[in-house]
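> Structure incoming, see below.
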Amino acid sequence: MGKTLTYKILDAHKVSEDLENNTMSIVIDQTLTQDATGTMAYLEFISFGIDKVRTKLSVSYVDHNTLQNGFMNADDHKFLQTVADKYGIVFSKAGNGICHQVNLERFAVPGRTILGSDSHTPTSSGVGAIAIGAGGLDVACAMAGKPFTIVRPKVVGVKLTGSLRDGVSAKDIIIHLLGIMSVKGGVNKVIEYYGDGVKTLGVPARSTICNMGAELGATSSVFPSDEITRQFLKLQSREEDWTELKRDEDCVYDENYTIDLNTLEPCASCPNSPDNVKKISELKDIKVDQVLIGSCTNSSYYDFVKVASILKGKKVHKDVSLGIAPGSQQVLQMITKNGILDVLLEAGARILESACGPCIGMGQSPATNAVSLRTFNRNFYGRSGTNSAQVYLVSPEVAAYSAVQGYIASPLGLKMDAFSLDVDYPKCDSLLYKPTFTSEVVMGPNIKPIPHFEPIGQSFDAKVMISLEDNITTDHIMPAGAKVLPYRSNIEKISEFVFSNIDPDFSKRCLDNGKGVIVAKSNYGQGSSREHAAIAPRYLGIKAVIASSFARIHKKNLINFGILPIELDIEANLLDEINVTWDRKTITVTNKTLNKTYTRDCELTDDEYKLISLGGLLNTF
Ligand code: MIC
Ligand code: SF4
């Protein structure tokens, strides 16, 4: 039996395998970090006492906290730049672009493994790499040359046939798949695309699909590296990075889907979950207040060609605010040179910085109850900065066409070829810095040491600090946005905001009680890789999270910081008294208030068991 492309790449990087626990450890070739997770990752890396990174390539991006309200973010940027220079890391300064877009343009190499402290790292898999999102501590370990351990992923084969009709986009493919598989359908799986339809998609389109594979909860997604990939790399002046990579024809997938591209229609992820999918035709006539085009999902030159084709000679509806954020300096230069920027300005667009910006609630929060159409990847409750806003995730085509109409409208059948794709791709190095190994690390006053955590103990009593439903996101746990993001380097301060959007008293309740557990249902911790969603609750005294299932990255973050993840569906109310007793074999949870006991096997690997017993990974150095 032949091999999937996924296992061709993973096996070529495998250093060990634990068949009993179904895990494998792989060498990581490249890493990426961004500023919002990067400060912690580098504090962790520095604590290892190593003189330089031990990867083929590590890149540090600044793209999330670029509002710079006060000194905190600017201090973080300085810290990141000096760390990068000292330890041998390429530095991408604020303004250079969104980490995933720049990484795709400049650094992603077919066949390599890439680990990034951001859940959308799989964007780079569009060239045929296996790129994986992880917590900062895992990325720090990879920079120190340590292998990365994953559950051996199941491989989902998605066969694409036919070609997309005018007005239908790669974004519609992945939104459609989200509608089928749901936000938890991809956990511990890699989504592998194959079939004739693949040939009809360029690398930016493939990367849009891989990017939103994160919303399926997938470990990664992957496309073959073919002639189209070679052309893309050639345009980026790095054809030498290309190798052909494909699956064996007779490989067998664990799960199979076929998508006939000819039959797809423009669709949207409706409020407040990427898997709440409807066709645009079902949403028509909904009045739109805001349209935002950008983010790591849809901010390539290719995306703006389509947007400008729709906006050419048109005006944005008077009741709509249209903001656009090109994904990188390269994209910005290209749309400037090729006349696209003029079209956008003539139409009435607001030009935003090449950064994450509104995608992570850094500005552009919609009005009360506003309808906001975004080409982004997440529409979780509160993420836009306005809890009552209705955020729809759509393709650039739907976004642009609806901006003109003033209501949600389907671009099906519209031609989008007013601008050429066959143009020069400038190599923009003005905000990229190679390391010189000469800097001393500069640390501003808001950058605080990582707190030390004692082990939770093998048996403890604690109270239920919050009881939650399915699909709780890390945005619920540790909100982002302009108010909170400046404290990513200050755990004491940021812990005040844990669950603040849904339970403003959570933090105080935890501190008053000392010891706590969180109780939830399935897919707890989906979404972002932010390890603050583990560290800050740990700081507040949370010792265990009891949930029917966990999202992959968050579960690892909990373990890394010494919190016990317990996969159990228990009955519990706020402030119920709980006892947790656990050893290598069994975990027992007793709700003393309700007089109910639950027992399950301890399915932690030996390493995970050790980490939690010692109080977390940082206590092992
Ligand atoms: C996100 O899209 O939620 C983020 C912000 O990029 C996060 C990382 C973070 O919280 O800093 C992610 O996706 O991992
Ligand atoms: Fe940035 Fe948004 Fe992409 Fe996260 S999803 S990396 S916040 S653009």
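> In this structure, does Ser125 turn out to be under 14 Å from the mean Cα position of the chain (by Cα), assigned to a loop (DSSP other than H, G, I, E, B) and either within 30 Å of Glu603 (Cβ to Cβ) or of a type in the set (A, V, I, L, M, F, W, C) (or both)?
Details: under 14 Å from the mean Cα position of the chain (by Cα): yes; assigned to a loop (DSSP other than H, G, I, E, B): no; either within 30 Å of Glu603 (Cβ to Cβ) or of a type in the set (A, V, I, L, M, F, W, C) (or both): yes.
Taking the combined requirement at face value, the residue does not satisfy it.
> Turning to a different aspect of this structure: For region 9-42, enumerate the residues that are open to solvent by 20 Å² or more (accessible area, probe 1.4 Å) and either without any contact (Cβ under 8 Å) to a residue 60 or more places away in the chain or within 23 Å of Asn96 (Cβ to Cβ) (or both).
Asp11, Lys14, Leu19, Glu20 - these are the residues of region 9-42 that are open to solvent by 20 Å² or more (accessible area, probe 1.4 Å) and either without any contact (Cβ under 8 Å) to a residue 60 or more places away in the chain or within 23 Å of Asn96 (Cβ to Cβ) (or both).
> Continuing with this model, one more query. I need the full set of residues from region 200-226 which are in a helix (DSSP H, G or I) and either within 16 Å of ligand 1 (Cβ to nearest atom) or without any contact (Cβ under 8 Å) to a residue 60 or more places away in the chain (or both), in order please.
Ser207, Thr208, Cys210, Asn211, Met212, Gly213, Ala214, Glu215, Leu216
> From the list Ile518, Ile466, Ile502, Ile472, which residue is away from ligand 2 (no atom under 16 Å from the Cβ), among the β-branched types (Val, Ile, Thr) and more than 30 Å from Thr586 (Cα to Cα)? I'd like the intermediate steps shown before the answer.
Numbers: Ile518 fails: more than 30 Å from Thr586 (Cα to Cα); Ile466 fails: more than 30 Å from Thr586 (Cα to Cα); Ile472 fails: more than 30 Å from Thr586 (Cα to Cα).
When all the criteria are applied, what remains is Ile502.
> While we're looking at this one, here's another question. State yes or no: is Lys483 within 16 Å of ligand 2 (Cβ to nearest atom) and open to solvent by 20 Å² or more (accessible area, probe 1.4 Å)?
On the way: within 16 Å of ligand 2 (Cβ to nearest atom): yes; open to solvent by 20 Å² or more (accessible area, probe 1.4 Å): yes.
Here the answer is yes, as Lys483 does meet what is asked.
> Would you confirm, using the coordinates I've provided, whether Thr386 is within 16 Å of ligand 1 (Cβ to nearest atom) and of a type in the set (Ser, Thr, Tyr)? Let's see the steps before the verdict.
Details: within 16 Å of ligand 1 (Cβ to nearest atom): no; of a type in the set (Ser, Thr, Tyr): yes.
Judged against the criteria, Thr386 is not a match.
> Still on this model: Looking at the structure I just gave you, is Ser522 surrounded by 23 or more Cβ atoms within 10 Å (Cβ to Cβ) and part of a loop (DSSP other than H, G, I, E, B)? Step through it out loud before you land on a result.
Numbers: surrounded by 23 or more Cβ atoms within 10 Å (Cβ to Cβ): no; part of a loop (DSSP other than H, G, I, E, B): yes.
No, not satisfied.
> Looking only at region 106-131, filter to residues that are among the hydrophobic types (A, V, I, L, M, F, W, C) and open to solvent by less than 10 Å² (accessible area, probe 1.4 Å); which one of those is farthest from ligand 1 (Cβ to nearest atom)? Don't jump to the end; show me each part of the working.
We begin by selecting, within region 106-131, every residue among the hydrophobic types (A, V, I, L, M, F, W, C); these are 107-109, 114-115, 127, 129-131.
If we keep only those that are open to solvent by less than 10 Å² (accessible area, probe 1.4 Å) too, we end up with 108, 114-115, 127, 129-131.
Values: Ala108: 17, Ile114: 14, Leu115: 12, Val127: 20, Ala129: 18, Ile130: 17, Ala131: 13 Å.
Per the stated criteria, the residue is Val127.
> Related question: Specify which of the listed residues (Ala74, Ala140) is aliphatic (A, V, I, L, M) and out of contact with any helix residue (DSSP H, G or I) (no Cβ under 9 Å at 6 or more places or on another chain).
Matching residue, one of Ala74, Ala140: Ala74.
> Identify all residues within region 495-506 that are over 20 Å from the mean Cα position of the chain (by Cα) and either open to solvent by less than 10 Å² (accessible area, probe 1.4 Å) or closer than 25 Å to Val183 by Cβ (or both); write none if there are none. Lay out the reasoning, then the answer.
From region 495-506, those over 20 Å from the mean Cα position of the chain (by Cα) are 495-497, 500-506; that's our starting set.
Within region 495-506, Ser495, Phe497, Ser500, Asn501, Ile502, Asp503, Phe506 qualify.
> I'd like to verify a number: residues in region 464-484 that are of a type in the set (A, V, I, L, M, F, W, C) and modelled with pLDDT under 95, how many? Walk me through it before giving the result.
Step one: list which residues in region 464-484 are of a type in the set (A, V, I, L, M, F, W, C), which gives 464-466, 468, 472, 477-478, 480, 482, 484.
Then keep just the ones that are modelled with pLDDT under 95; that gives 482.
Residues in region 464-484 being of a type in the set (A, V, I, L, M, F, W, C) and modelled with pLDDT under 95: 1 in total.
> Assess whether Leu235 counts as being open to solvent by less than 40 Å² (accessible area, probe 1.4 Å) and more than 25 Å from the chain's Cα centre (by Cα). Walk me through how you get there before you give the answer.
Details: open to solvent by less than 40 Å² (accessible area, probe 1.4 Å): no; more than 25 Å from the chain's Cα centre (by Cα): yes.
It is false that Leu235 is open to solvent by less than 40 Å² (accessible area, probe 1.4 Å) and more than 25 Å from the chain's Cα centre (by Cα).
> Still on this structure: Quick test for you: out of Ser384, Ser388, pick the one residue that is more than 30 Å from Phe419 (Cα to Cα), surrounded by fewer than 19 Cβ atoms within 10 Å (Cβ to Cβ) and at pLDDT 95 or above. Outline the logic, then answer.
Details: Ser384 fails: surrounded by fewer than 19 Cβ atoms within 10 Å (Cβ to Cβ).
Of the residues listed, the single one that is more than 30 Å from Phe419 (Cα to Cα), surrounded by fewer than 19 Cβ atoms within 10 Å (Cβ to Cβ) and at pLDDT 95 or above is Ser388.
> Conditions first: (1) surrounded by fewer than 17 Cβ atoms within 10 Å (Cβ to Cβ); (2) modelled with pLDDT of 95 or more; (3) over 19 Å from Pro122 (Cβ atoms). Lys246 passes all but one, so which condition is the exception?
Single failed check for Lys246: (3).
> Which condition breaks for Asp285 when tested against (1) modelled with pLDDT of 95 or more; (2) at positive phi?
All conditions are met except number (1).
> Then there's this: For region 143-199, which residues satisfy the criterion of being assigned to a loop (DSSP other than H, G, I, E, B), buried (at least 22 other Cβ atoms within 10 Å of the Cβ) and more than 19 Å from the chain's Cα centre (by Cα)? Full working, then the answer.
Here is the first cut: in region 143-199, the residues assigned to a loop (DSSP other than H, G, I, E, B) are 144-147, 152-153, 162-169, 182-186, 188, 195.
Pick out the ones that are also buried (at least 22 other Cβ atoms within 10 Å of the Cβ) and you get 153, 167-169, 183, 186.
Within region 143-199, Gly167, Val168, Ser169 qualify.
> On the basis of being crowded, with 18+ Cβ neighbours inside 10 Å, touching a Gly at 6+ places or on another chain (Cβ under 9 Å) and among the aliphatic types (A, V, I, L, M), does Ile563 make the cut?
Values: crowded, with 18+ Cβ neighbours inside 10 Å: yes; touching a Gly at 6+ places or on another chain (Cβ under 9 Å): yes; among the aliphatic types (A, V, I, L, M): yes.
Judged against the criteria, Ile563 is a match.
> So for region 529-539 (the condition being in a loop (DSSP other than H, G, I, E, B) and at positive phi), does at least one residue qualify?
Going through region 529-539, the residues in a loop (DSSP other than H, G, I, E, B) turn out to be 529-531.
Going one step further and asking which of them are at positive phi, we end up with none.
So far as region 529-539 goes, no, none of its residues is in a loop (DSSP other than H, G, I, E, B) and at positive phi.
> Given (1) among the polar types (S, T, N, Q); (2) closer than 22 Å to Asn298 by Cα; (3) open to solvent by less than 30 Å² (accessible area, probe 1.4 Å); (4) away from ligand 2 (no atom under 16 Å from the Cβ), where does Gln405 come up short, assuming only one miss?
Answer for Gln405: the failing condition is (3).
> If you go through region 363-381, how many residues are surrounded by fewer than 24 Cβ atoms within 10 Å (Cβ to Cβ), within 16 Å of ligand 1 (Cβ to nearest atom) and either farther than 19 Å from Ala214 by Cα or among the β-branched types (Val, Ile, Thr) (or both)?
Within region 363-381, residues that are surrounded by fewer than 24 Cβ atoms within 10 Å (Cβ to Cβ), within 16 Å of ligand 1 (Cβ to nearest atom) and either farther than 19 Å from Ala214 by Cα or among the β-branched types (Val, Ile, Thr) (or both) number 3.
> In region 416-450, how many residues are out of contact with any Ser or Thr (no Cβ under 7 Å at 6 or more places or on another chain) and either assigned to a loop (DSSP other than H, G, I, E, B) or crowded, with 18+ Cβ neighbours inside 10 Å (or both)?
First, the residues of region 416-450 that are out of contact with any Ser or Thr (no Cβ under 7 Å at 6 or more places or on another chain): 420-426, 428-430, 433-438, 443-445, 449-450.
Those still in the list that are either assigned to a loop (DSSP other than H, G, I, E, B) or crowded, with 18+ Cβ neighbours inside 10 Å (or both) too: 420-426, 428-430, 434-438, 443-445, 449-450.
Residues in region 416-450 being out of contact with any Ser or Thr (no Cβ under 7 Å at 6 or more places or on another chain) and either assigned to a loop (DSSP other than H, G, I, E, B) or crowded, with 18+ Cβ neighbours inside 10 Å (or both): 20 in total.
The values are calculated or read from the model by the stated rules, or taken from the named source; none is laboratory data. This structure is a prediction, so every number in the text was calculated from the model and none was measured. In this analysis, Cβ positions are derived from the backbone assuming ideal geometry, glycine residues included, and neighbour counts consider all displayed protein chains. Just so you know, the surface numbers come from the protein's heavy atoms only, side chains and all, with ligands and any DNA or RNA stripped out. Shrake-Rupley method; radii C 1.70, N 1.55, O 1.52, S 1.80 Å.
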